[in-house]
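Inspection log for the structure reproduced underneath, given as structure tokens.
What follows draws every value from the coordinates through simple rules; no lab data is involved. Every value quoted in this text rests on a predicted model; they were computed, and no experiment measured them. No Cβ is skipped: glycine too gets one built from the backbone with ideal geometry, and neighbour counts run over all protein chains shown.
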Amino acid sequence: MDAVHNQVFFPSTMQDLFASWNRFPDAVPFAGGVSFVRNRDDRYALTLPANILSLDGLSELQRITRTERYIEMGTMVRLNDIINLGKPIPPVFTRALNCIAGPELRSLATIGGNICYPARHLNATAPLIALDARYELRTALTSRWISAARFSSFSGPPAFNPQELLTRIRIPLEQWNYSLFKRFSDPYPEDETGGSLVFIARIQKNILTDLRVVFAGETVIRDKNSEAVLSGKHLPLDRRDIGHFMELWEAFLAELNAPGVMMKARILNFIEEAALELAD
């Protein structure tokens with residue numbers, strides 16, 4: 001006899017979750033449910049898959065722990081709970097989460113749901129890549145850690161193995177002296193898909209020791225060659241060095257098929273403004 005479909009499962013342990021998932025391979029993990037809300041003709045509607053695996057009863061996915069080296073959180077931690085942690089969270093990550101809708105939605109939305117949104121990369125992606133975050137991915141029998149950059153390196157939905165679940169996010173607690181976050185809206189729907197950009201720098205004794213610039217939208221963009229041009233330079237930065245830095249970014253973006261022309265121009269403008277803040 002065939003199993004009944006159109007069900008919601010409420011596992012209380014990871015073992016229960018993977019047992020249900022094995023029985024219903026088409027079941028979809030359900031966190032805050034925000035990604036299932038669609039805007040249709042200016043009216044929001046909730047579209048649900050046939051079988052749902054609710055993650056709400058898995059207490060281990062709601063934990064936040066901290067060591068001297070990193071802060072770790074389960075994927076069911078709500079965005080507002082992360083924001084309310086305050087100082088331990090890198091400021092650029094807090095800014096990114098604060099740019100997501102309003103407090104009501106952030107009290108429902110989870111960090112795992114933001115990372116795993118299937119249509120494109122949302123606000124959390126760029127700062128987590130820039131901060132060298134790592135993600136734990138689990139199946140019924142295996143567990144592996146991968147970098148945020150590797151997890152989000154391709155356009156389209158994140159690449160999971162069959163019946164694999166994102167369970168934990170680990171963020172290094174390193175000091176970044178200068179950080180900016182910019183969320184780009186979608187004013188040119190025929191050409192753009194929006195996105196967000198992070199510019200972070202580490203400064204020690206007036207030397208720019210490290211620099212990360214990451215854009216995430218339809219795809220993830222980072223040019224380590226241009227970052228290396230400014231790393232190791234004394235502050236304030238020489239404008240000629242910034243000019244070279246921007247030339248590399250222009251050439252790098254020109255070779256990419258996405259994003260569109262207008263979005264590329266906005267990315268370049270923001271990067272240049274951020275770099276000039278470190279100039280004389």
Total formal charge among the other residues, if their Cβ is under 12 angstrom from that of L173, Lys/Arg +1 and Asp/Glu -1: 0
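Where Lys and Arg each count +1 and Asp and Glu each count -1, what net charge lies around R138 among other residues with Cβ under 15 Å from its Cβ? Please report the intermediate quantities before stating the final value.
Working: positive: R63, R134, R144, R168, R170; negative: D16, E60, E72, E136, E164.
Value of the local net charge: 0.
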For segment 8-172, Kirkwood radius (reciprocal of mean inverse C-alpha pair distance, Å): 16.4
Modelled label reach - A279, point 7 Å along Cα→Cβ, segment 221-244 residues with backbone N closer than 17 Å: 227, 229-231, 233-244
Convex hull volume per residue for segment 178-276, taking Cα atoms only, in Å³: 79
Highest-first arrangement of 127-137, 100-110, where packing means the average Cβ count within 10 Å: 127-137, 100-110
Taking only Cα atoms of the chain, radius of gyration then Dmax in Å: 20.2, 75
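What value, in deg cm²/dmol to 500, does the helix sum -39500 (n - 2.57) over DSSP H runs of n ≥ 4 give at 222 nm once divided by the residues of the chain?
My calculation for the chain gives -8000 deg cm²/dmol from helical runs alone.
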Qualifying lysines (Cα of each under 25 Å from Cα of K224; at least 8 residues distant if same chain): K182, K205, K233, K264
Cα-derived Rg to Rh of segment 223-280, Kirkwood definition: 0.99
